[in-house]
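> If you scroll down you'll find the structure; I have some questions about it.
The values are calculated or read from the model by the stated rules, or taken from the named source; none is laboratory data. What you see is a predicted model; the values in this text were computed from it and never measured. Here the Cβ positions follow ideal geometry from the backbone for every residue, glycine too, while neighbour counts run over all protein chains shown. To get the accessible areas, we keep the full protein, side chains included, count just its heavy atoms, and leave off ligands, DNA and RNA. Shrake-Rupley method; radii C 1.70, N 1.55, O 1.52, S 1.80 Å.
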Amino acid sequence: MKHPSAEQLALFAGGDLPLFEGLAVRWHLRTCTACRFEVKEFCSASDEARAEFEPPASLAWESLAAEMKANIRVGLAAGECVSPARSHVRLGWRPAAGVAAVTAVLMLAYWLNVPAWQTHKPSPTAVVTSTADIELNAGAGRIELLHPSTSTPVVYVSAPDSLRARSVDPDTGQITITNVYVD
Amino acid sequence: MCMSIKRAIPVLLAVTALAGLAQTRVDPRSSMNIRLPDDSPVALLSASWGDSTATARGGAMLLELRTALSFRNSTQRRIRGITLLVTAQDLAAGGKASVSVPSLNVGPGEAFPVRVDLRLLRPLTQAGGPLAEVTLDGVLFDDLSFYGPNRLNCRRSMMQWELEARRDRQFFKDVLARSGQGALQQQMLGSLNRQADSAAMQARVTHAPRATNQAGERQVQFAFAAAAGAPVELRGGMARILGNELRSPRVFLENRARKVVRSVEVGWLLRDTQGREFVAGATPIATSLAPGRSGSLVQDASFRIAERNGQAVNIEGMRAWLGSIEFEDGSMWIPRRSDYLPMPSPEEQRLAELYRKRGLQALVEELNKF
């Protein structure tokens, strides 16, 4: 015969066992004298402890609860005193308008003074192609200056913003100098 | 009629291709406008369009113009040079180009040709109107007077070309007079050899503000080739180099003339890691340098150099030479033949080509015309 543990018997004596576990212990106590004696002992001890710690009948629970609530409120109020002060002052429309105007001026000044390269405009590029024609790529368009296929132009930089190619016209013998400008 | 899917696909592709080929063709004559002012010293005699085409494909227009314009000198002075301005509509960045013909010798009433060959690609943003316009930017006469709006500062370039042309023609005439046709022939062969030996290159310029330093960028100092008797002393310079890119070159100089210097043209000679030198070009730097004053000039630009096959040229070092000086009164100084001249003048190139194609006698006859 397997006996319940002392813990189970104590919890049974206090009515704290789960339902099925309590039924199993109750079924065991029908046939086990020793365990019934243990449960009886646990109940007696519980009664004595309850009797010892029973609050006095004269204790006013309502006043005690009120005092506890008051102490809690005092504690919370003390906490608010030492926390950062929250400003409840709200700006009028005139100061707010002034702040908005200053902000707008600063933003406009920044936009007007942003360097060109920060506006992310595509930089036009003048480049010489592999066939030695000069090509200007500008946005979605392109312009190329061509040379007669029978001539071999000399290409070089002619200005900070332009490329130049020089060739001899095979028909007329004239020198033709073409420039494309990155404007 | 029933057709399987496998047979239908090639048919559909063929139909689509035919539809693509049936593109809208535009008359190239209406695609380019040639506009001359009422008081123009030259008059347009004719415009030959040759193999010019203008086709609209989808959302873009491809215009290829091969034009031979014929002008007549309407003045009583001889014309030494002409510059035409070519502008394209709707090019986002205002792209423009120019065609210049220096070393002309056109008498009053005489006609002369100017070729304008260009290819223009632009999005079809609006219908109608010429896509490109050709206007007159400047004409230089034999007395060095100038006509035109000069929007491209072509007056400075054309004057420099004319002064160089006079210098070189006089040099070759002196050689012919002093040493005969044999010596002249040697000079022409030497010029042709130098032109053939000059390394061909590609170049790219971008319009950029003064760039900030970048990782890997190094600053190099460079010296100037001697130019005896130059009214401006160039004391050297420095530039920033990053790979094949030359940035913001700075030049230190002193004005020894009695006139205010308006601009200085500086030529750039770049050396790669293999020791080869490339003539990058010559760029004018604007300034206003009073007599006796020193200063430094900075060019806010970046140049990228590559070989003709597209291979980047890693710049190891550089030299510079003085190309020309323009003064405030419009006068100009150019180097002498004995000074360092890595680039032949347009006139020298023309005379050398004339010798190559038509021989020494034709060259002598040409020199005697001036």
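> Please work out the FRET efficiency for the pair B:A226 and B:F252, using the Cβ-Cβ distance as r and a Förster radius of 25 Å; give the result to the nearest 0.05.
On the way: r = 16 Å, r/R0 = 0.63.
With R0 = 25 Å, the Cβ-Cβ based efficiency is 0.95.
> What shape does segment B:212-370 take by its C-alpha gyration tensor, where a ≥ b ≥ c are the square roots of the eigenvalues and a/c under 1.5 counts as rounded, a/b above b/c as prolate, and the rest as oblate?
On the way: a/c = 2.58, a/b = 1.20, b/c = 2.15.
Oblate is the answer for segment B:212-370, as a/c is 1.5 or above yet b/c matches or exceeds a/b.
> On to the next question. Calculated FRET efficiency, B:N153 and A:A97, Cβ-Cβ r, R0 45 Å, to nearest 0.05? Walk me through the numbers before you get to the answer.
On the way: r = 51 Å, r/R0 = 1.14.
E(calc), rounded to 0.05, equals 0.30.
> Run the simple label-point estimate for B:A196 and A:F37 please: 7 Å along Cα→C-beta, distance reported in nm.
Output for this residue pair reads 13.2 nm.
> Could I ask something else about it? May I ask you to compute the full-extension gain from B:S70 to B:S288, defined as 0.36 nm times their residue separation minus their alpha-carbon distance, rounded to one decimal in nm? Walk me through the intermediate numbers first.
Working: separation 218, 0.36 × 218 = 78.48 nm, distance 3.98 nm.
Result: 74.5 nm gained on full extension.
> Return the distance in nm (one decimal) between the two label points of a simple spin-label model at B:A60 and B:Q186, each offset 7 Å from Cα along Cα→Cβ.
Reported label-point gap for B:A60 and B:Q186 is 5.5 nm.
> What does the charge count near B:E164 come to, summing +1 for each Lys or Arg and -1 for each Asp or Glu among other residues with Cβ under 9 Å from its Cβ? Show your work: numbers first, answer last.
Numbers: positive: B:R166, B:R167; negative: B:E162, B:D168, B:E347, B:E348.
Neighbourhood net charge equals -2.
> Convert 20 °C to kelvin, take the viscosity as 1.002 mPa s, use the Kirkwood radius over C-alpha pairs of segment B:104-194 as Rh, and evaluate the Stokes-Einstein diffusion coefficient in µm²/s, rounded to a whole number. Write down the numbers at each step before the final one.
Values: Rh = 17.3 Å.
Reported coefficient: 124 µm²/s.
> Right, next: Within 10 Å of each candidate Cβ there may be at most 11 other Cβ atoms; applying that plus a DSSP loop requirement, which trypsin sites (Lys or Arg not before Pro) in segment B:233-341 survive?
Loop-located and lightly packed - B:R258.
> Please compute the contact order of segment B:221-364 in relative form: average sequence separation of alpha-carbon pairs under 8 Å and at least six residues apart, divided by the residue count, as a percent.
Working: 295 pairs, mean separation 40.0, N = 144.
It rounds to 28 percent for segment B:221-364.
> Along the Cα-to-C-beta direction of A:A24, a point sits 7 Å from the Cα; which residues of segment A:1-16 have their amide N less than 12 Å from that point?
Only A:2-5, A:8 fall inside the zone, counting backbone N under 12 Å.
> Using a Förster distance of 41 Å, how high is the FRET efficiency between B:A362 and B:E316, based on the Cβ-Cβ distance and rounded to 0.05?
On the way: r = 43 Å, r/R0 = 1.04.
The formula returns an efficiency of 0.45 here.
> Report which residues of segment B:314-348 become buried by 20 Å² or more of accessible surface when going from the isolated chain to the complete set of protein chains (1.4 Å probe; DNA, RNA and ligands ignored).
Residues of segment B:314-348 that lose at least 20 Å² of accessible area once the other chains are added: B:M343, B:P346.
> If we restrict to alpha carbons, what Rg and Dmax does segment B:219-285 come to, in Å?
Cα only, segment B:219-285: 13.2, 43 Å (Rg, Dmax).
> Rounded to the nearest 100 Å², what is the sum over both chains of accessible area buried where B meets A, with a probe of 1.4 Å?
Working: alone 19670 and 14890 Å², together 30090 Å².
Adding both sides of the contact gives about 4500 Å².
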